[in-house]
Each structure stands twice: as structure tokens, then as C-alpha cells.
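Since the structure comes first, as C-alpha cells, the remarks are kept for the end.
The values are calculated or read from the model by the stated rules, or taken from the named source; none is laboratory data. All figures in this text were calculated on a predicted structure; none of them were measured in a lab. As a convention, Cβ positions derive from the backbone with ideal geometry for all residues, glycine included, and neighbour counts pool all protein chains shown.
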Amino acid sequence: MKASETLDLRGFPCPGNLPILLIKLETMSAGEMLELIVDDVVALDRIPMALKEETEFELVRSVQNNSNIHLFIKVK
Amino acid sequence: MTEERKICKRCIMPESKPDIILNDDGICNLCLEHDNIIKVQYQKPLESDLIKILNKNKSKARYDCMVMCSGGKDSTSALYYMKKRYKLNPLAFTFDHGFETDEAMANINNAVEILNVDFLLYKSSYMKEMFAKIVSSHSKAVICHPCSIWYMDLAFDVAARYEIPIIVAGWTKGQSTKQEIMSKCGCNIHAVEFKSMAENTKEFLNNELKELPKYKDFPHSMEEVLTRAKKRFKSTVISPHWFLPYGPEDYIPLIQKELKWKMPLFSYPEGSTNCSLNFLSVYYSMKYYGYTHYHVEASKMIREGYLLREEALSQLKFNFNEKTLQEITAKLGLEPEDNL
């Protein structure tokens, strides 16, 4: 899965990582994919829920690799 | 009005157990938590990010954006930036629940006239009964919280009607930094310092409001507002103040010169342009919690290095008296002696 851009927010827990993510997504164009890397396990639930309930961005895939969580988010 | 409480030596939060606790050195748990978070570096939003967002959404509808104008320095400068700095076609939008001040309205009228932008004023007494219920029922709900739910729902509704992709608020860094800013209102009700306030507001909306059938469709949370908004039309909420390196010391002289903006003589906190009901909201927050959301915002700005502790203490000195509170209570149709 190829991402157009990567945002590394490891060390930055929820909910503080959400606004930074949303600002990043808002700067991207339709069709582009962002790879978000976080290490707060709460993000696994919280970010997909916020994306689904409150935004038009689509979570395409999530991968947990040791303590790192990679979320692939598509801009519609 | 205020009971003497121990105040954090670094920010201005008072001790309020169990949510806010001072350690032996007099430092609160919020400051200590901030010490840990600040070690992580991240790229703060830049003006180039704001320009990307604005350009992406430009010329999609009759209006490029809708600016929520309160008549205060932050939203007036936001309107100025949208029109003059970014050359957009904004719709200025103001709501008046019956407690807006003449000074605020004069600032808005001057700004929209000078900038030559379309202006929509929504005036309604719809919320008056709810405000009165909060006071008369002695609920610990914070008056500003249901009001922010109402005005955000209204803002999304108006933006949807005109298919406006961007809603611009005048929220400052203290109201936004490290909060759920793009999706939520200025206050993050999930933060520990808002926990008790949020629980009491939720309790009021879920239970006591049932006694007033006219509010049966009133959203019970900001999450519900956002879910409803998403179904109507997707608008993104941003504030230029999150991205720009300028503070009030830069944009106040600008709007004074360009938009004839005037600092209100009487508002809380000093230098703000809040509605008159805000005095009552502040009074009850102090009574029930020992602090207000202004103390929370100022404390955040102190921690982030945007405000000096001494400045914050000066701005948040109480500048109103019982007579002011009596007048507002009477305007709600309530007897002051039963409610203050």
C-alpha cells in the first residue's frame, strides 16, 4: 500500500494527535493516501471512530507492528 | 464570589480534587503532564498549511468560507484575514441568543460594512428557556456548553444551506492547541479539567431538559452535532489563529485601524467580547468548580508559552458585581434572590 505522505506522531498520545492528523489530511488532495504512525494503543479505536463519525476521510487499512500502529487513510 | 483556593504556581489552575491536584511544590498535575508531552517534537501547523486548505476549497460555492463573528478581536481579525490576506469571499455569520452586547454588534457591523462582505444575523430567543432552566434548577451544567452545542449546530446548518466548505472560527491557540480542534468546538470536554463540568452538562441535557419538550431534538453532545453535520454537508472548521504566528498584540492594532474595531469597556475576561450571559456562566462556574473555562484556556497558553502567568491573573480578575448578575438573572425571567 503506497502512501503519498507519512505523518509520524509516535510519542504523541490521543487526543492530541487527532487535530494534527486532521490538519494534515485537510492539506492533502482527493485520492491521496496518508500513512499515519502512532504508538498510543488508544489510537487504534479512537482515530478510526473519529474519522468514521465526523469526517469524510476513509481508513483503508491498519497494521500493528510491535508497538507501532500504521493507519492508512485515504482522502476522498 | 470566590473561595480562597490554592493555585498552581506555574499556571493558574486552582486545586480541585480529584481532577486537579497540586504536588508538594505547588505544581498541578496538568502542568506535570504537559512536561512529559512537550518533550515530543512535532511540526506545528504553518500558514502554508492553512493556504493549502483554503485553496483546496476555494470557489466551490457562492461563498469560499463562513466566518463566525462574535465581534471580538479574534473573530474580527479572522474575517479580516479571510477577505484581505487570502482574498476569499466569506459570508459573515453571527448568532444572537438575546444576550449579545451593543458593543459586539457595532464591531461586527463596522467590519462587514468596511470589508463589504455578505452578513447573516440569526437572532432567536430559542435558548432563553434552557438557560433559565439551568439556573432555576440549580444544575451545575455550564451555561456556555449547551450554547456552544446550539451555535455549532446552527453554524453547520447555515453552512450546509449554502454548501460552504469551510467554517472559520476565531478560536485562539489556548482554545485549540492539542485539542480535537478540527472536529470539536473550542473546549475539549474529554480533558480532565473539563470532566466534572462536562458530566454535569451531560446530566442536564439527558435528564432535566426532558421537562422542556421544545428541545426534544436538541443535540446532547458535540459529537451528535458533528454526526448530524456530516449527514447534511461536510464543512471543515478551522481557525487562522492556529496557523499564524501572530497574536492579539499584532492583530488588535490592525483591526482597530482598518475596521474601526473597539475594545469593549465591560466584558469578562478583560479584553474579551463575550455576551452578557457569560457573567452568569462565570459566576456559576466559580461557585461550583472554583474555576472557569477561561482559566483552563489561559493555563494552556501559559504552558505553551503564549501568555505570562501574571498577564493571565490580571485578565481574569473579576470585573463585575452582584448588580450585573441580578440584571441578567432578571432578563432570564427569574428572581435574582432565588437564584444567586
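Listing for the model above:
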read-out: Filter result (in a helix (DSSP H, G or I), modelled with pLDDT of 90 or more and within 14 Å of chain A (Cβ to nearest Cβ)) within the stretch B:229-275; value: B:P240, B:H241
read-out: Residue check for A:R46: of a type in the set (K, R), within 13 Å of chain B (Cβ to nearest Cβ) and over 25 Å from B:E224 (Cα atoms); value: no
read-out: The stretch B:329-340: number of residues that are over 16 Å from B:S285 (Cα atoms) and surrounded by 14 or more Cβ atoms within 10 Å (Cβ to Cβ); value: 4
read-out: Listing of helices (runs of 4 or more DSSP H) fully contained in the stretch B:23-129 that carry 2 or more residues being exposed (fewer than 15 other Cβ atoms within 10 Å of the Cβ); value: B:29-37, B:47-57, B:102-115
read-out: Enumeration of residues in the stretch A:1-18 that are more than 14 Å from A:D39 (Cβ to Cβ), at pLDDT 80 or above and within 9 Å of chain B (Cβ to nearest Cβ); value: A:L18
read-out: Options B:D49, B:D64; residue that is within 24 Å of the chain's Cα centre (by Cα), within 21 Å of A:S29 (Cα to Cα), of a type in the set (D, E) and more than 14 Å from every other protein chain (Cβ to nearest Cβ); value: B:D64
read-out: Which listed residue is touching a residue at least 24 places away in the same chain (Cβ under 8 Å), basic (K, R) and within 21 Å of B:S148 (Cα to Cα), from B:K58, B:K73, B:K83; value: B:K73
read-out: Residue match in the stretch B:267-278 (condition: under 27 Å from B:W150 (Cα atoms), within 18 Å of the chain's Cα centre (by Cα) and of a type in the set (F, W, Y)); value: yes
read-out: Qualifying residue in the stretch B:33-49 (condition: under 16 Å from B:E193 (Cβ atoms) and modelled with pLDDT of 90 or more); value: no
read-out: Filtered residues of the stretch B:276-300 (kept if touching a Lys or Arg at 6+ places or on another chain (Cβ under 7 Å) and assigned to a helix (DSSP H, G or I)); value: B:Y288
